[in-house]
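The values are calculated or read from the model by the stated rules, or taken from the named source; none is laboratory data. In this text the structure is predicted, and so the values were computed from the model without any measurement. Glycine also receives a Cβ, built like all others from the backbone with ideal geometry; neighbour counts cover every protein chain displayed.
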């Protein structure tokens, strides 16, 4: 199954709830979230993953991992399964996680 815009993405299970990478199932991003939410969440996710690989400080790594968690929850890839939630609740969770990411810095303190 391809991605919007004709790009081929990872294999999906027939129900669309999971992607399959090297034989392992991973929860798919909520397909009904708007790009104006998923784009920034993916950006935050990539930034955090990159920083984890560069950081030498265990506390900083933990803070970046917490940001990965928030982004993945927002995308519907972790936390309560998106297909078990109503559309409004799914959108609210995504917005709330993005707002939290935008309002905290890497140490988890409120941004100035």
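Taking the range 53-85 only, how many residues are in a loop (DSSP other than H, G, I, E, B) and closer than 22 Å to residue 13 by Cβ?
So the count comes out to 7.
Within the range 1-25, track down each residue that is in a strand (DSSP E or B), surrounded by fewer than 13 Cβ atoms within 10 Å (Cβ to Cβ) and at pLDDT 90 or above. Before you say what the answer is, go through the steps one by one.
Initially, the range 1-25 is screened for residues in a strand (DSSP E or B), giving 2, 8, 11-12, 18-21, 24-25.
Subset that is surrounded by fewer than 13 Cβ atoms within 10 Å (Cβ to Cβ): 2, 8, 11, 21, 24.
If the condition is that a residue be in a strand (DSSP E or B), surrounded by fewer than 13 Cβ atoms within 10 Å (Cβ to Cβ) and at pLDDT 90 or above, then 11, 21, 24 are the ones that fit.
Which number in (1) loosely packed, with under 11 Cβ neighbours inside 10 Å; (2) modelled with pLDDT under 95 marks the one condition that residue 88 misses?
(2)
Please find, within the range 56-71, the residue that is farthest from the chain's Cα centre (by Cα) out of those that are in contact (Cβ under 8 Å) with a residue 40 or more places away in the chain and surrounded by 18 or more Cβ atoms within 10 Å (Cβ to Cβ).
This residue is 63.
Scan the range 41-55 and give yes if some residue there is touching a residue at least 60 places away in the same chain (Cβ under 8 Å), crowded, with 17+ Cβ neighbours inside 10 Å and either within 21 Å of residue 19 (Cα to Cα) or under 11 Å from the mean Cα position of the chain (by Cα) (or both), otherwise no.
Applying the first criterion (touching a residue at least 60 places away in the same chain (Cβ under 8 Å)) to the range 41-55 yields 41.
Keeping just the survivors that are crowded, with 17+ Cβ neighbours inside 10 Å gives 41.
Checking the rest, the ones that are also either within 21 Å of residue 19 (Cα to Cα) or under 11 Å from the mean Cα position of the chain (by Cα) (or both) come to 41.
For the range 41-55, residues touching a residue at least 60 places away in the same chain (Cβ under 8 Å), crowded, with 17+ Cβ neighbours inside 10 Å and either within 21 Å of residue 19 (Cα to Cα) or under 11 Å from the mean Cα position of the chain (by Cα) (or both): present.
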